[in-house]
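The values are calculated or read from the model by the stated rules, or taken from the named source; none is laboratory data. From a predicted model like this one, the values you see are computed outputs, not experimental measurements. Cβ placement follows ideal geometry from the backbone for every residue including glycine, while neighbour counts extend to all protein chains displayed. The area values use the complete protein model at the heavy-atom level, side chains included, leaving out ligands, DNA and RNA. Shrake-Rupley method; radii C 1.70, N 1.55, O 1.52, S 1.80 Å.
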Amino acid sequence: MRSSSKPSPNGAAKKVKKVSSVRKFIFTVVKFLVIFFVVIGCALAGIAGGAIYGYIKTAQPIRDEQLAMVLSNKTTVISDSKGNVIQKLTGKDNKDSEPITDKEAPKFLKDAIIAIEDERFETHPGIDFRRIFSAGLSYLTSSGTPTHGGSTITQQVVKNITGNDTPSLQRKVQEWYAAILLERKLEKWQILELYMNISYWGHSCYGVQSASKKYFGKPVQELTLAQCAVLAGITNSPGRFDPFTEKGRENAKTRQEVILNQMLKFNMINQTQHDEAMVEDLKYASKDQSTKVTSVQSYFVDQVIIDVRDALMKELNISSTLAKFMIYNNGLEIHTTMDPSIQADMDQVFTDDEYFPVVNKTANRQLEHPQAAMAIIDPQNGQVRALYGGYGKKEASNTLNRASSSLMRRQPGSSIKPLVVYAPAIDLKLITPATIIDDVPVYMMTGVGKNVDKEYPRNYDNTHDGLTTVRNGLKNSVNVVAVKIWRDILGADNSVNYLKKVGIDRENEKYISLVMGGLETGVNPLQMAAAYVPFVHKGMYYEPTTFTLVKDSTGKKLIDKKPVYQTAYSEQTAFLMQDMMKGVTTGKEQTYPHSGTAAAYVNEKTVGMPVAGKTGTTSSNIDKWFVGYTPYYTAAVWYGYDNNGTEPITLEKAEYNQAMIIWAAVMKKVHSGLAKKEFAAPPAGIVQKKICIYSGKIATALCAQDPRGNATRMEYFIKGTEPRDDDLCTVHVQAQVCTESQDIYKRNLLAGPYCPPDKVISKVFIQRTPPYVPVKPGEPAPKDVIYELPAGEYCNIHGSPTSNDTSSAIDLTQTPVDSNETNSAIQLP
């Protein structure tokens, strides 16, 4: 009997059931995923929709007053502190932002802008989603350099008015909404007119008229089709399409051809016009070609415009472009702090060739003229009274203002020492004017290599005085004294914290070079003059200001500028600094052999008023400074070269003193006719003690007998920091020496028991604790080593006598010493 091949019914059923289960599982998973993603999608859509709704709800449309700022054409008047009109501004005075009307703009220019920036400008409601998609596609297909952006002309107008270009979805959505609303408010031609007037064309040009004059040297009405196409392309990336660079011109030409092709495509031009424009010589203007303006603004007015612009941006929450339009076109009334008499005195000196000797061979090779800049501030309120930003007569508006520009940042040299070392350390009561610092060679170079073993920093004259008070270290600008205080006593954190209190933030420059003014980011004269204000006005720092009031064309106050101030130092610290810095402008004293570093050129006689301050010199004599003050004003002068060439210009010796000479010349004129006025008397909390200038302690009779002269002086202290009455000088000691024996320093050696009485005298010496010991071989010894007690070194000339007659030998048990000063006398064995 044959067996059957038919499958078992039970097996088939099981297989079908298994397949069915798998399909059911897959279907269930797919259904779950679909539902999951639908739910998630709906949730995300809801969230996105809610977010967009929230963005739109909080969006700020362009206000009528904002539009009025741009469309207005009224004359702004600027007056000095006495009410005299010193400048009238109109749109045509602003070479960087000169407005034009829609009718004045060539049709070629308007068509070129539309062709490249917004081809559907005439038909879209303010935003163009097709353009957004196209821009993204262009970005992907052109290696990240798209031919156009996604924003419409209307959107760009919104962004330029608000100044908001934060890369975020919220900003973009709100920009879209504001653009749609703006389209409902204005005609298309008005929007295009706004675009042409407030877009940025590079080289500080806001508006196509300014750009036309900058790049082609002629008004926009005279541009050819080819030139219009170039200008239309620059706003996309002014740096990349800069006509004043070789690469920029190549890029601008390439983009011009794209624009001309677009114009042909949209039938804005015909083939002949296209072909002629493609090969036309563009004839760019020279970069240095000056643009004619109706008047030249002074350096002071240039700075006022910058300060008012910044204040309007902050106060009204508007863009820089809109603020400048307000200043030049809105008929503002601006009251400044300029004193016309002081400004005239400064102008007179800065336009006099006598103060700018042309003696520098390196500068002559590089066709550079010596430059200087100055700022004068009223310390009672921080108001700037005068500014001058360079040598000679000012020939154009908005030129480099070396007195106040953020572009003018020069290293201040030692003029910064009072701000980063002395005032902070005194204010923290870490030092006093009498604190002693041993001025000896130091080696503070960090890192590795051969320079680590070199003396650093060096003093300006490459010598060392030895024991030096803080007062004299400041007077003679001793680098070693300053850096030892900064490193070993004050600390970098305290230094930069105090520097910030006087308006100079250098949080990231906690290096030893800070002490000598070797800043990575320099300073300008306005900053330095303001930083010295606390020394004249009880320790109070005032933010410098060039204006007091801004009104609109109706007389409404827009900005009422009040003094902004804070306490930088205590009144007692300010007094001590003032008193010490007077020493910089005085000659040699009985107690100190050095004149102040500025004394020969800046002093009470040359200025006609009590004066104090600090000199500054940078490495290789690149920059020279004098920053100082009288009871009336603070002022700072920088002198040097712009150094635009390849070779740094080191000042010649004949130029070393020009900063001081200019400072004194201007300030003498300024103070002429003013009543004689002394600096403020010591405030409460200041005491005096008679101290020794080589120990910083209470002076003894021996201090007055120092071989260099009387070493005592009456010194000021903040109460509580003065030495106790019983804390007597231990540096000066007295000993008997033999006049016939000397060491290598020409010091008489201590008298021995066999020195003839007539060869033995009593002398006063100094005795260091700890004693000076050279750190490196061949190291230059401090000058005061020759006055140091030759401890343990006895006469090597008079030995033991051959006879028993000792009547001629000195009896060392009767060493003559001042009975009142035995604590300071050396006791010989």
- Task: Look through region 513-532, keep the residues that are modelled with pLDDT under 95 and either over 28 Å from Asp642 (Cβ atoms) or among the hydroxyl-bearing types (Ser, Thr, Tyr) (or both), and return whichever of them is least open to solvent (accessible area, probe 1.4 Å).
- Result: Ser513
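Does Lys253 satisfy the criteria of being open to solvent by less than 70 Å² (accessible area, probe 1.4 Å) and either touching a residue at least 60 places away in the same chain (Cβ under 8 Å) or among the aromatic types (Phe, Trp, Tyr) (or both)? Step through it out loud before you land on a result.
Details: open to solvent by less than 70 Å² (accessible area, probe 1.4 Å): yes; either touching a residue at least 60 places away in the same chain (Cβ under 8 Å) or among the aromatic types (Phe, Trp, Tyr) (or both): no.
No.
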- Determine which single condition Ser204 fails, assuming it passes every other condition in (1) open to solvent by less than 10 Å² (accessible area, probe 1.4 Å); (2) at positive phi; (3) hydroxyl-bearing (Ser, Thr, Tyr). (1)
- If you scan region 401-425, which residues turn out to be in contact (Cβ under 8 Å) with a residue 60 or more places away in the chain and aliphatic (A, V, I, L, M)? Ala403, Met408, Ile416, Leu419, Val420, Val421, Ala423, Ala425
- Over region 161-176, the set of residues crowded, with 21+ Cβ neighbours inside 10 Å and either in contact with a strand residue (DSSP E or B) (Cβ under 8 Å, 6 or more places away or on another chain) or over 19 Å from Met326 (Cβ atoms) (or both) is Gln174, Glu175, Trp176
- Query: Within region 300-307, is there a residue that is open to solvent by 30 Å² or more (accessible area, probe 1.4 Å), within 30 Å of Ala635 (Cβ to Cβ) and either modelled with pLDDT of 95 or more or part of a helix (DSSP H, G or I) (or both)?
  - Reply: yes
- Note on the structure: Going through region 343-377 in order, the residues found to be in a helix (DSSP H, G or I), under 19 Å from Ile662 (Cα atoms) and in contact with a Phe, Trp or Tyr (Cβ under 8 Å, 6 or more places away or on another chain) are Gln343, Met346, Asp347, Val349, Phe350
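Considering only helices (runs of 4 or more DSSP H) fully contained in region 159-220, which possess at least 3 residues that are in contact (Cβ under 8 Å) with a residue 60 or more places away in the chain and farther than 28 Å from Lys287 by Cβ? Talk me through it step by step, then tell me what you get.
On the way: elements: 169-185, 188-198, 208-216.
Here the list reads 169-185, 188-198.
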- Item | Test for Leu750: is it at pLDDT 90 or above, closer than 12 Å to Ala735 by Cβ and in contact with a strand residue (DSSP E or B) (Cβ under 7 Å, 6 or more places away or on another chain) | yes
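What are the residues in region 460-471 that are open to solvent by 10 Å² or more (accessible area, probe 1.4 Å) and in contact with a strand residue (DSSP E or B) (Cβ under 8 Å, 6 or more places away or on another chain), if any? First the steps, then the outcome.
Here is the first cut: in region 460-471, the residues open to solvent by 10 Å² or more (accessible area, probe 1.4 Å) are 460-463, 465, 467, 471.
Tyr460, Asp465, Leu467, Arg471 - these are the residues of region 460-471 that are open to solvent by 10 Å² or more (accessible area, probe 1.4 Å) and in contact with a strand residue (DSSP E or B) (Cβ under 8 Å, 6 or more places away or on another chain).
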- Here, helices (runs of 4 or more DSSP H) confined to region 481-537 with at least 1 residues that are touching an Asp or Glu at 6+ places or on another chain (Cβ under 6 Å) and among the hydrophobic types (A, V, I, L, M, F, W, C) are 492-501
- Verdict on Glu395 being touching a residue at least 60 places away in the same chain (Cβ under 8 Å), more than 23 Å from Ala636 (Cβ to Cβ) and under 28 Å from the mean Cα position of the chain (by Cα): yes
- Query: Listed residues Ser406, Ser341; which is of a type in the set (Gly, Ala, Ser), modelled with pLDDT of 95 or more and open to solvent by 60 Å² or more (accessible area, probe 1.4 Å)?
  - Reply: Ser341
- Filtering region 571-594 down to residues that are within 23 Å of Val666 (Cα to Cα) and in a loop (DSSP other than H, G, I, E, B), which residue is modelled with the highest pLDDT? Thr586
- Search result, residues across region 643-697 that are surrounded by 14 or more Cβ atoms within 10 Å (Cβ to Cβ), part of a loop (DSSP other than H, G, I, E, B) and among the acidic types (Asp, Glu): Glu652
- Query: In the list Thr469, Thr432, which residue meets the criterion of being under 26 Å from Ile691 (Cβ atoms), touching a Pro at 6+ places or on another chain (Cβ under 7 Å) and of a type in the set (S, T, N, Q)?
  - Reply: Thr469
- Message: Take the conditions at pLDDT below 95, of a type outside the set (S, T, N, Q) and at negative phi and apply them to Ile744. Does it pass?
- Response: yes
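Go over the candidates Glu715, Glu740 one by one and state the one that is touching a helix residue (DSSP H, G or I) at 6+ places or on another chain (Cβ under 7 Å), touching a residue at least 12 places away in the same chain (Cβ under 8 Å) and either open to solvent by 70 Å² or more (accessible area, probe 1.4 Å) or assigned to a strand (DSSP E or B) (or both). Steps first, please.
Working: Glu715 fails: touching a helix residue (DSSP H, G or I) at 6+ places or on another chain (Cβ under 7 Å).
Glu740 is the lone residue from the list that is touching a helix residue (DSSP H, G or I) at 6+ places or on another chain (Cβ under 7 Å), touching a residue at least 12 places away in the same chain (Cβ under 8 Å) and either open to solvent by 70 Å² or more (accessible area, probe 1.4 Å) or assigned to a strand (DSSP E or B) (or both).
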- Message: Step by step: first the residues of region 89-123, then only those that are of a type outside the set (A, V, I, L, M), modelled with pLDDT under 95 and over 15 Å from Gln209 (Cβ atoms), then the one that is nearest to the chain's Cα centre (by Cα). Which residue is that?
- Response: Glu117
- Note on the structure: Leu499 meets each of (1) modelled with pLDDT under 95; (2) closer than 27 Å to Ile436 by Cα; (3) of a type outside the set (Gly, Ala, Ser) with one exception, condition (1)
- Item | Answer residue from region 438-457, given it is among the hydrophobic types (A, V, I, L, M, F, W, C), in a loop (DSSP other than H, G, I, E, B) and modelled with pLDDT under 90 and is nearest to Val773 (Cα to Cα) among those | Met445
- Message: Among the residues of region 481-495, are any of a type in the set (S, T, N, Q), closer than 18 Å to Ser695 by Cβ and open to solvent by less than 60 Å² (accessible area, probe 1.4 Å)?
- Response: no
- Task: May I ask you to list the residues in region 460-477 that are on the phi < 0 side of the Ramachandran plot, in contact (Cβ under 8 Å) with a residue 40 or more places away in the chain and not in a helix (DSSP H, G or I)?
- Result: Tyr460, Thr463, His464, Asp465, Leu467, Thr469, Asn476
- Query: Of the residues that make up region 593-604, is at least one surrounded by fewer than 22 Cβ atoms within 10 Å (Cβ to Cβ), within 23 Å of Arg713 (Cα to Cα), out of contact with any Pro (no Cβ under 9 Å at 6 or more places or on another chain) and among the hydroxyl-bearing types (Ser, Thr, Tyr)?
  - Reply: yes
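Considering only residues that are open to solvent by less than 10 Å² (accessible area, probe 1.4 Å), within 21 Å of Pro525 (Cβ to Cβ) and in a strand (DSSP E or B), which ones fall in region 538-570?
Going through region 538-570, the residues open to solvent by less than 10 Å² (accessible area, probe 1.4 Å) turn out to be 539, 546-547, 550, 568-569.
Then drop every residue that is not within 21 Å of Pro525 (Cβ to Cβ), which leaves 546-547, 568.
If the condition is that a residue be open to solvent by less than 10 Å² (accessible area, probe 1.4 Å), within 21 Å of Pro525 (Cβ to Cβ) and in a strand (DSSP E or B), then Phe547 is the only one that fits.
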